[in-house]
Amino acid sequence: MSSISKRQFLALGVSAVALAGAGYAWSQGTVSGTAPAFEVRTMTVPEMMASGALVVDIRRPDEWVETGVIDGATLLTFESPKSFMEQIGPQIADGRDLILICRSGNRSGLAAEALAPMIPNHVISVAGGMSQQIAQGYQTARPACPTC
């Protein structure tokens, strides 16, 4: 193994830190010098519904049945960005925000990250997901879907 100089070692370390920082900024939905591509936000159900955004519960049908759903939310399991956009694209063509919710906020965050570069709409992932909504006392509705 060849030896590297102190300067090269330092340059590699600085590069690694810069890349890690860029990765963190991307994971938080921000890119240096631009507005967030997506946002992770704590919201109550009344705030979501009052916002005028399209609220989409991206969990699976068995999860909708298990815990219930937000009354008025669109129920659509997120499987891929392309298939998701084919189904909800017309509903957000007016430019309104897109709010995604899952069980804990993890899947909705990943979905928001995947969708944000595809659409001009502001995409919001609800922090804490349905688990947090239920823990805060939200009374869910029974899902009205043929696949449940």
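The values are calculated or read from the model by the stated rules, or taken from the named source; none is laboratory data. Keep in mind that this is a model prediction, so the values were computed, not measured. For neighbour counting, all protein chains shown are included, and Cβ atoms are generated from backbone atoms with ideal geometry for every residue, glycine included.
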Report whether or not E47 is surrounded by 12 or more Cβ atoms within 10 Å (Cβ to Cβ), under 17 Å from R96 (Cα atoms), modelled with pLDDT of 95 or more and of a type in the set (D, E). yes
The condition from (1) small (G, A, S); (2) more than 15 Å from the chain's Cα centre (by Cα); (3) closer than 26 Å to I134 by Cβ that G105 misses is numbered (2)
Going through (1) over 25 Å from A37 (Cα atoms); (2) part of a loop (DSSP other than H, G, I, E, B) one by one, R59 fails only at (1)
When segment 101-121 is checked residue by residue, the ones that are of a type outside the set (A, V, I, L, M, F, W, C), buried (at least 19 other Cβ atoms within 10 Å of the Cβ) and either in contact with a Phe, Trp or Tyr (Cβ under 6 Å, 6 or more places away or on another chain) or touching a residue at least 60 places away in the same chain (Cβ under 8 Å) (or both) are G105, G109, E113
